[in-house]
Amino acid sequence: MSTKDNAAQMSFELHSAARLLRRNFDRRAKAHGLSRSRWQVLWHLAREQGQKQAELAERMDVAPISLARQLDNLQQDGLVERRPGPRDRRGFRLFLTAAAEPALDVLRGLALQTRTQALAGFSMEEVGQLQGLLERLRENLTREEA
């Protein structure tokens, strides 16, 4: 197999693995009445509360209107709240509520189960190598967008 064929096969494998990770997680989350899209919003907000909606949409690489609907649903469920910004009262900041913590606990557990299944048979060294290689791949692709 040529280097070109290897690179093409790697691209297909990477895409397929990412799709299977998402599908596996979605199946687990659905059993709890949750979804990956909700998890992504909650996860990003748990990492950094007080983001503006436009910032969060950019980080998640989703259309702001799609995120707005998701935020409306999360707010209606009492998991997220919008608070006026300190300087600009028209711009809202996003925060998790205390009610979001149990959902985050469940979702973290589901994510761990999914990763454990995906990495079965990998040594810690192999996991570290894979992480490093994927980080380099992402950095290479990010440079083009800057």
Between a first residue in segment 23-44 that is closer than 20 Å to residue 97 by Cβ and in contact (Cβ under 8 Å) with a residue 60 or more places away in the chain and a second residue that is among the hydrophobic types (A, V, I, L, M, F, W, C) and assigned to a helix (DSSP H, G or I), which pairs have beta carbons less than 6 Å apart while being 6 or more apart in sequence or on different chains?
-> 29/110; 32/106; 39/107; 42/100; 42/104
Take residue 133 and decide whether it is under 24 Å from residue 37 (Cβ atoms) and of a type in the set (A, V, I, L, M).
-> no
Answer residue from segment 98-122, given it is in contact with a helix residue (DSSP H, G or I) (Cβ under 9 Å, 6 or more places away or on another chain) and part of a loop (DSSP other than H, G, I, E, B) and is least open to solvent (accessible area, probe 1.4 Å) among those | 119
Boolean, residue 9 is more than 20 Å from residue 116 (Cβ to Cβ), assigned to a loop (DSSP other than H, G, I, E, B) and not hydrophobic (A, V, I, L, M, F, W, C) = no
Does segment 48-63 hold any residues that are open to solvent by 50 Å² or more (accessible area, probe 1.4 Å), assigned to a helix (DSSP H, G or I) and either in contact (Cβ under 8 Å) with a residue 12 or more places away in the chain or within 14 Å of residue 37 (Cα to Cα) (or both), and which are they?
-> 53, 59
Filtering segment 64-88 down to residues that are over 24 Å from residue 111 (Cα atoms), open to solvent by 40 Å² or more (accessible area, probe 1.4 Å) and assigned to a loop (DSSP other than H, G, I, E, B), which residue is modelled with the lowest pLDDT?
-> 88
Test residue 94 against the stated conditions and say whether it is under 23 Å from the mean Cα position of the chain (by Cα), at pLDDT below 95 and open to solvent by less than 20 Å² (accessible area, probe 1.4 Å).
-> no
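The values are calculated or read from the model by the stated rules, or taken from the named source; none is laboratory data. None of the values given here were measured: they were computed from a predicted structure. All Cβ positions, glycine included, derive from the backbone under ideal geometry; neighbour counts span all protein chains shown. For accessibility, only protein heavy atoms count, side chains too; no ligands or nucleic acids. Shrake-Rupley method; radii C 1.70, N 1.55, O 1.52, S 1.80 Å.
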